[in-house]
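Let me begin by handing over the structure; questions about it come next.
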Amino acid sequence: MTSPFYSLGIETSCDETAVALLDGETDVIASLVYSQAQIHAPYGGVVPEIASRDHLRKLPVLVRDLLGQSGRSLLDLSLVAATFGPGLVGPLLVGLSYGKGVAFGLELPFIGVNHLEGHLFAHRLSYPEVFPPFMALIVSGGHTLLVKVTAFGTYQTIGETVDDAAGEELDKVGKLLGIAYPAGAEIDRLAAQGDPTAIAFPRPLSDSPGFDFSFSGLKTAVLYYLKRHARERREDVAASFLASVVDVLTQKALAATRRHRLDRLVVVGGVAANQHLRTRLTGDGAARGIEVLFPEQRYCTDNAAMIAAAGAFHHIARGETSPLSLAAVPSLHL
Ligand code: KG4
Ligand code: ZN
């Protein structure tokens, strides 16, 4: 495609208000992410009503800034893509309604995007030349799943968490360690100064044959450990806990890649920003002949460039659009 095809991406499924302008299927013109984390930090997690109200306040301003920075106007747009699930229903409704309104007003095609598929397209933004098949590990605050990607748009979930998501677990253990929400990045930093072998936390389901994950028992183990050892170095607790999460994710993801006779693993979602996970998976993967790819860090955590990319793929390559009657689906599956 030679002439520009600009897609406006909108993401409001949780506590990031994000907008992006994409040209074609992979060329990011601009991407803005506004995090509400500070607003929710005193509550230790996202408060849905506060999140909805803040998206409503911030979204139009971000779109104006996005177009201003890009030197483009609404009239240059060709497509509007917005997340319609999974996520919190109130926050989803804000971005979805806004996106539909823009598309209707400008008589443009509209496409609803599955947030989980959006995370997969973060990979495409960083590696536009790398195509499926590959195994994908989607690891975020809301989800932990292993997906066999035979083609973009064709997914088979082969394992997922039976309780908490890995990022949710990092946030909960962070709270136990007195770290503000979201705690993932700070645990990453603390762990770098600690001893990962200091405490032998469990590796849940690591010896079980399937590809499902379970993390909630690990959080309980940390809770009881901290009750008995109140004076333990936080760095060592963070390092030992993170080592357990990284061990389980590495073991399952590489085993799944092998089992399905694939030689490439793609890791996406907020937890894919984790340095320990990146180093370990890359090293262990190479030792087993598996290439492990992570998106750039800014596309790991929630953003709208990945939403625009998934929407543009479905529209440009597949000719799809969504009806303006499309509903928000909080528990949408891949
Ligand atoms: O993908 P994401 O932005 O939102 C969801 O779709 O859930 O992921 C957010 C999660 C949070 O749990 C956060 O603590 C975690 O990603 N996270 C990290 C890092 N940066 C964000 N976890 C580990 N290490 C990081 N550097
Ligand atoms: Zn996400």
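The values are calculated or read from the model by the stated rules, or taken from the named source; none is laboratory data. Just so it is clear, the model here is predicted, and its values are computed rather than measured. Note that we place each Cβ from the backbone using ideal geometry, even for glycine, and neighbour counts take in every protein chain shown. Accessible surface areas use protein heavy atoms only, side chains included; no ligands, DNA or RNA. Shrake-Rupley method; radii C 1.70, N 1.55, O 1.52, S 1.80 Å.
Kindly establish whether ALA166 is buried (at least 21 other Cβ atoms within 10 Å of the Cβ) and touching a strand residue (DSSP E or B) at 6+ places or on another chain (Cβ under 7 Å).
Considered against the rule, which asks whether it is buried (at least 21 other Cβ atoms within 10 Å of the Cβ) and touching a strand residue (DSSP E or B) at 6+ places or on another chain (Cβ under 7 Å), ALA166 comes out as yes.
Looking at the structure I just gave you, is SER7 of a type in the set (Ser, Thr, Tyr), within 15 Å of ligand 2 (Cβ to nearest atom), under 25 Å from LEU326 (Cα atoms) and open to solvent by less than 30 Å² (accessible area, probe 1.4 Å)?
Criteria not met by SER7.
Still on this structure, I have one more. Can you confirm whether LEU176 is open to solvent by less than 40 Å² (accessible area, probe 1.4 Å) and assigned by TED's automatic domain parsing to the domain that holds LEU249?
no
Provide a single number: the residues in the range 204-256 that are assigned to a helix (DSSP H, G or I), of a type in the set (D, E, K, R) and within 23 Å of the chain's Cα centre (by Cα).
So the count comes out to 3.
Sticking with this structure for a sec: Looking at the structure I just gave you, is ARG259 within 22 Å of PHE131 (Cα to Cα), more than 25 Å from the chain's Cα centre (by Cα) and basic (Lys, Arg)?
Taking the combined requirement at face value, the residue does not satisfy it.
While we're on this one: Consider only pairs whose beta carbons are under 6 Å apart and that are at least six residues apart or on different chains; among these, list those whose first residue lies in the range 52-68 and is assigned by TED's automatic domain parsing to the domain that holds LEU93 and whose second residue is open to solvent by 60 Å² or more (accessible area, probe 1.4 Å) and assigned to a helix (DSSP H, G or I).
LEU59/TYR98
Hey, does the range 256-275 have a residue that's buried (at least 19 other Cβ atoms within 10 Å of the Cβ), away from ligand 1 (no atom under 16 Å from the Cβ), farther than 24 Å from ASN114 by Cα and among the basic types (Lys, Arg)?
no
Do the conditions hold for ALA304, that is, is it within 12 Å of ligand 2 (Cβ to nearest atom), more than 19 Å from VAL271 (Cβ to Cβ) and not charged (D, E, K, R)?
In short, yes.
For every residue, the table says whether it meets (1) in contact with a Phe, Trp or Tyr (Cβ under 9 Å, 6 or more places away or on another chain); (2) farther than 26 Å from VAL266 by Cα.
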residue: HIS55; (1), (2): yes, yes
residue: SER73; (1), (2): no, yes
residue: SER97; (1), (2): no, yes
residue: ALA103; (1), (2): yes, yes
residue: HIS115; (1), (2): yes, no
residue: PRO128; (1), (2): no, no
residue: PHE134; (1), (2): no, no
residue: GLY141; (1), (2): no, no
residue: THR144; (1), (2): yes, no
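Looking for whichever is closer than 19 Å to VAL139 by Cα and of a type in the set (Gly, Ala, Ser) here; the options are ALA317, ALA287, ALA328, ALA310. Which one fits?
ALA310
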